[in-house]
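Peer 1: Mind looking over this structure? Questions follow.
Just so you know, all these numbers are worked out from the coordinates, no wet-lab data involved. All of these numbers come straight from a predicted model, not from anything done at the bench. Positions of Cβ are generated from backbone atoms using ideal geometry, with glycine treated the same way; all protein chains shown enter the neighbour counts.
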Amino acid sequence: MIFNYLKISVRSLLKRRVFSAVNLLGLTLGLLTFLVLFAYVATELTYNDFHDKKENIYRVVVVEGNGEAEIFLPPGFANILEDQFADLDHVTRAAGFIAGGLISNREANIAIKEAEISFVEGDFFQTFSFPIKRGIADLSDPQTAVISQELAKKLFGEEDALGKSFTLSNNFGKSDYTISGVLEEIPMRSDLRAEVFLSIHYLENEANRNGNSWADPNGMDSGFANLYLQTNPGTDGEQLAKQMTDYFKRFPGLDGITVHLQPLTEWHLGRSIDDPLPTFGSRAGVFVFGAMAVLILAIAYVNYLNLSAASILTRIKEIKMRKVLGANMWQLAQQFVLETMVLFLISAFFALVGVFLMESFVQAILGKSIWLGAFNLPVFWFLMVAIIAFCSLLSGFYVVILSGRFDKRSQVNFKPQSGNWLQKSLVVFQFVISMGMIISTLVIQDQLSFMQNRDLGMNLDQLLVISGPDELGENAKEKLVSFKNQLNNFAFVKGSASSNVLPGRSYNFSAAGITPMVPRPEDRDQSYAMGIIDEKFLEVYEIEIKSGRSFSPGEARQGWYASRKLMVNESAAEALGFDGAENAAGQNIKWGEDVYEIVGVVADYHHLSLKEEILPMILLPNEGQAYFSLIVDPVNLEESLTSLQATFEEIFPGNPFEYYFMDEQFASQYAEDQQLSKAFTTAGILAILISCLGLFGLAAYAVEQRTKEIGIRKVLGASSPSVIRLIISDFVILLLLAIILAFPLAWYGMKTWQADFPYQAGLSIWTFLFGACVTIFIALLTVGFQALKAAWSNPVDAIRAE
């Protein structure tokens, strides 16, 4: 019996080719979007789950009295925690990306600039289960390293890298490291990653720190390391965190902190949407994409339901005959259930193939790779079976119920019950979702445009940045002075500055303990962002000095510690208790036990993107060497770059010449928001396309249902415009109702989204009206095609057919 139903279902689908094609396309697009977003959500939800000891690994997070959560802590706390708490198996220190520099294989004359270099505990790879290709990855020896297989190939080609050495030149000086392990490719679903892992024990020798006293791995002054705890099995993390909080409250200055132990499984997305602890990803973003997947699949399925309901008109004889022969509701439903199941299975196959074929396109839209292994998870197959089964059963009974009750004794009594209200409701639902996505896309674009075009308080036009050398060799100061002099000698260089900080690239470090000469209670919880610049930096970036002056060349040569000079921005002046910028310049402040003079106050400028608030910032004088910022003449830029490269390589041999334009670098901070905009744009296009496919089918069936009426109207003198209005009017009412419902929903959703931005573009009614007009135009274009077809048809043919 089932086989016969299946055979009839295939014949029915082939017979109604237009109906089948529209439904197949709509369902395939809906399922394709659902599968892509399912894989994305699964990728985000399964971050870090490949570690064997994930249930017992925590990250220490300290929440200060002002509510700020801090994950970068003084590494000296590791020893205290291990000594005081018996529930800890051990504590692992990790200082991420502080050792970036120039890696070289001197024998092969290969040099590579690498930023992703971290110092980690000797037993780091016994705590975390990263895949090891070669070696045992032991970092207990101070001058050992574990590197990625990609870097090993760059340095040593096809040779076995295990046991070989490389030279690293960075801010800690120049040293050789022996490779104790080579990693397989780190899983994409890992928040912890680097190209090189160095033994943190190297920094225990003061001579290896090259004057960077802050980098003491046993120190208690500078917070630059993450502390990862591995607890004994069965330990309650929350209870242990309370014990740690109580313990530290006994120490002066630490009584206001709260210790949290964040489980490894919560590092990426947190425990909930409003989790206050730092995360690598966004649970709210995952929720949005998950909701988007469900809504687009719902739009595709609603299309199918509407078209199935409309198709009853063409299958009345079939349904009538089956009822006359004694078929009950379930027997009638089976036919439609199987038809739906066949369509869903074919659509699912095409969608699944599409995901694999479009992987690179999906990556370009979402801005990151998706984990295709998600399709091997049992939950995926359970979900797919549940979706297909539920939709098939619902479709079968929906169509049968709409077909109406039939008295076997009188075929004349057969009429389908009116389901117009339900069909119209489903159409409204589709366009509420479609319109909401289009409006959301426009609002995101407005916010992006606002952030990218707002006055930053500095000028980034025609600014070229050259990355400084990592290996200076002998006569370092002389080389740096020579290079800066050479830069200023070029006619195409209109100005230059050197610094260790750069707009759009965070700060050099943050510091607390900075107070007015008479400290106040509120100063204890106040921290300041620190930036190291030379005397020309403010001039090159055109940052306004509100009062006082910039640094002198002599102060930059001396550095801040020797000169005891600094500058502050307006926010820092306010935080320090000064009444206006003019009252701060020339005043003294304390940094710990040392006294510094504020020589000038700069206007607040957006050092980072407009997604971040302007922080209280202190500028420190020094002849920085990390970045050289140049104002360049855009004429003959290629020749200018060639000259700059030749000069750089002559003075700093062995260092790669790297440059970028400051405006592009700053704009890259909005990459995540641009990806969100792309995702919403794509989703909006798909939603409106799927909705219009259904609208096209419904319009076709509406015309078919009213063929005789239209023919009679035309015979009686009705014009083509009046026929078009007749067909379109019902759909216009539905679209207007969709607008009424979509506007408040989109307004609330986008207002909530914008609330996370400290600087907001606001919501414009014109954006909403434009989104509504776009949706209506596309929808009417779709319906209008069928309306024109009906208006231009020969009425005689319509009446004869009836």
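Peer 1: At R0 = 25 Å, how high is the FRET efficiency between N109 and N208 if r is their beta carbon distance? Nearest 0.05 is fine.
Peer 2: Plugging the Cβ-Cβ distance into 1/(1 + (r/R0)^6) gives 0.45.
Peer 1: With the alpha-carbon atoms as the only input, what is the per residue convex hull volume for the range 463-667 in Å³?
Peer 2: Here the figure is 122 Å³ per residue.
Peer 1: Under a Cβ-Cβ cut-off of 12 Å, what is the net charge of the residues other than G234 that fall near it, where Lys and Arg count +1 and Asp and Glu count -1?
Peer 2: That sum, taken over residues with Cβ under 12 Å, equals -4.
Peer 1: Go through the range 177-255 and name the GluC sites (Glu not before Pro) that are in a DSSP coil and have 16 or fewer other Cβ atoms within 10 Å of their Cβ.
Peer 2: E184, E185
Peer 1: Any idea what the relative contact order of the range 463-667 is, in percent, if you count C-alpha pairs under 8 Å spaced at least 6 apart?
Peer 2: Details: 407 pairs, mean separation 72.5, N = 205.
After rounding, I find 35 percent.
Peer 1: Using only Cα atoms, figure out Rg for the range 60-266 and give it as a multiple of 2.2 N^0.38 Å.
Peer 2: Working: Rg = 18.1 Å, N = 207, 2.2 N^0.38 = 16.7 Å.
Compared with the compact-globule rule of thumb, the range 60-266 sits at 1.08.
Peer 1: Using just the helices of the chain, give the 222 nm mean residue ellipticity in deg cm²/dmol: DSSP H runs with n ≥ 4 each add -39,500 (n - 2.57), and the total is spread over all residues, rounded to 500.
Peer 2: Working: 24 runs with 376 residues, N = 802.
So the calculated ellipticity at 222 nm is -15500 deg cm²/dmol.
Peer 1: For the chain, what value does the Rg/Rh ratio take when both radii are computed over Cα atoms and Rh is the Kirkwood radius, given to two decimals?
Peer 2: Rounded to two decimals, Rg/Rh equals 1.07.
Peer 1: Okay, next question. Between N66 and S449, how many nm apart are label points set 7 Å from Cα along the C-beta direction?
Peer 2: In this crude spin-label approximation the distance works out to 3.6 nm.
Peer 1: Put a dot 7 Å past each Cα toward the Cβ at K154 and K611; how far apart are the dots in nm?
Peer 2: 2.5
Peer 1: So, one more: Treat each spin label as a single point 7 Å out from the Cα along the C-beta direction, and report the L745 to D141 distance in nm.
Peer 2: 6.4
Peer 1: Non-local amide H neighbours of I532 (under 5 Å, H modeled in plane, Pro and chain starts lacking H): which ones?
Peer 2: For I532, whose amide H was placed from the backbone, the distant partners under 5 Å are N500, V501, N508, L620.
Peer 1: In sequence order, what are the phi-derived ³J(HN,Hα) couplings for the range 455-462 according to the Karplus relation 6.51 cos²θ - 1.76 cosθ + 1.60 with θ = phi - 60°, rounded to whole Hz, with x for glycine and proline?
Peer 2: 5, 8, x, 7, 10, 9, 5, 6
Peer 1: Only sites in a loop by DSSP and with at most 14 other Cβ atoms within 10 Å count here; which trypsin sites (Lys or Arg not before Pro) in the range 76-141 make the cut?
Peer 2: R106
Peer 1: When T782, T265 are ordered from fewest to most other Cβ atoms inside 10 Å of their Cβ, what list results?
Peer 2: On the way: T782 22, T265 17.
The fewest-first ordering by Cβ neighbours comes to T265, T782.
Peer 1: Expressed as a rounded percentage, what relative contact order does the chain have, with Cα pairs under 8 Å and six or more residues apart?
Peer 2: Rounded, it is 15 percent for the chain.
Peer 1: Just for the Cα atoms in the range 596-640, what are the lengths along the principal axes, largest first, rounded to whole Å?
Peer 2: 43, 29, 18
Peer 1: Anything in the chain that counts as a DSSP H helix reaching 27 Å or more along its axis (C-alpha) with Kyte-Doolittle mean of at least 1.0? List them, would you? Could the numbers behind the result be given before it?
Peer 2: On the way: long enough: 17-45 (41 Å, 1.67); 283-310 (40 Å, 1.62); 329-357 (42 Å, 1.74); 378-402 (36 Å, 2.36); 420-453 (49 Å, 0.79); 671-705 (50 Å, 0.88); 720-754 (47 Å, 1.42); 765-791 (37 Å, 1.80).
Qualifying helices, which must be both long enough and hydrophobic enough, are 17-45, 283-310, 329-357, 378-402, 720-754, 765-791.
Peer 1: First measure r as the distance between the Cβ atoms of F777 and K133, then evaluate 1/(1 + (r/R0)^6) with R0 = 60 Å and state the FRET efficiency to the nearest 0.05.
Peer 2: Here the calculated transfer efficiency is 0.60.
Peer 1: Continuing with this model, one more query. Direction-averaged shadow area of the convex hull around the Cα atoms of the range 159-317, nm²?
Peer 2: 19.6
Peer 1: What ³J(HN,Hα) values, in whole Hz, does the Karplus curve 6.51 cos²θ - 1.76 cosθ + 1.60 give for the range 49-60 when θ = phi - 60°, with x put for Gly and Pro?
Peer 2: 7, 8, 6, 4, 9, 4, 6, 10, 10, 10, 10, 7
Peer 1: Right, something else. Please report, largest first and rounded to whole Å, the three semi-axes of the ellipsoid equivalent to the range 263-309, where each semi-axis is the square root of five times an eigenvalue of the C-alpha gyration tensor.
Peer 2: 35, 8, 7
Peer 1: Taking 35 Å as R0, compute the FRET efficiency from the Cβ-Cβ separation of D525 and D756 and round it to 0.05. Walk me through the numbers before you get to the answer.
Peer 2: Values: r = 23 Å, r/R0 = 0.66.
Computed FRET efficiency for D525 and D756: 0.90.
Peer 1: How much net charge surrounds P656 when only other residues with a Cβ under 13 Å from its Cβ are counted (Lys, Arg +1; Asp, Glu -1)?
Peer 2: -3
Peer 1: For the range 496-559, what is Rg from Cα atoms divided by 2.2 N^0.38 Å, rounded to two decimals?
Peer 2: This ratio for the range 496-559 stands at 1.32.
Peer 1: What net charge is computed for the residues neighbouring A581, neighbours being all others with C-beta under 13 Å from the C-beta of A581, Lys and Arg scored +1, Asp and Glu -1? Don't jump to the answer; show the numbers that get you there.
Peer 2: On the way: positive: K546, R549; negative: E544, E570, E574, D579, E582, D604.
Charge balance in the 13 Å sphere: -4.
Peer 1: Over the range 60-266, how many pairs of lysines fall under 18 Å by alpha carbon, counting only those 8 or more apart in sequence or from different chains?
Peer 2: Count of close lysine pairs: 9.
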